[in-house]
Amino acid sequence: MWNKDSWQRWYKKNRQKKIDEVRQIGFRLRLEVLELLGNKCSRCGYNEDVRILHVDHVNDDGAAERRNIGSGNVLRKYIRDKILAGSCDYQLLCPNCNAIKEADRKGIVYSGRRFESCCPLQKKKSPEPKPRAFSNIVTEL
Ligand SMILES: [Zn+2]
């Protein structure tokens, strides 16, 4: 027969185990979503550490979805099932690309200048040609 003491003993003994189980389910769902979305940033291709990738709502309706569906594993399962059903409403973004997308969405500009929407990691992958040194230009004349 369960009473307050037996419940407290059970809770004290099993609390961490239950937390770990829920956490493992969350990790598994997140890994499935990452795999389904290609395990890399959809803008710059970053894939060195998938732990930092964000699951982005392409149409910027993540807040509404969280309000309607919930959060945590319920939301992860919902997103996984939606992708499996063929949805294209999600993409992976690295933190840089996600912040740039957010700044673009908000129309943030500095000194009247809109910055080119490009992740620094993407710039690293396809570097601009280096300007020629002045001495080389002089000798070519
Ligand atoms: Zn990126």
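Read-outs: derived from the displayed coordinates by stated rules, not from any lab. Because the structure is predicted, anything quoted here is derived from the model rather than measured. So basically every Cβ, Gly included, is an ideal-geometry build from the backbone, and we count neighbours across all protein chains shown.
Some points to look at:
- Calculated FRET value between residue 23 and residue 106, using beta carbons and R₀ = 25 Å, to 0.05: 0.15
- A simple count of charges around residue 12, restricted to other residues whose Cβ falls under 12 Å of its Cβ and scoring Lys, Arg +1 and Asp, Glu -1, yields +4.
- Counting only Cβ charges, +1 for Lys and Arg and -1 for Asp and Glu, the dipole size of the range 4-94 around its Cα centre is about 800 debye.
- If the segment from residue 58 to residue 88 were pulled out straight at 0.36 nm per residue, it would be longer than the present Cα-Cα gap by 10.0 nm.
- Ordering 84, 37 from the fewest to the most neighbouring beta carbons within 10 Å gives 84, 37.
- Beyond 28 Å in Cα-Cα separation lie the following of the pairs 12/82; 40/101; 4/77; 13/82: 12/82; 4/77; 13/82.
- When 78, 46, 11 are sorted by how many other C-beta atoms sit within 10 angstrom of their C-beta, beginning with the fewest, the order is 11, 78, 46.
- Residue 66 paired with residue 8, simple spin-label distance in nm, labels 7 Å along Cα-to-beta-carbon: 3.6 nm
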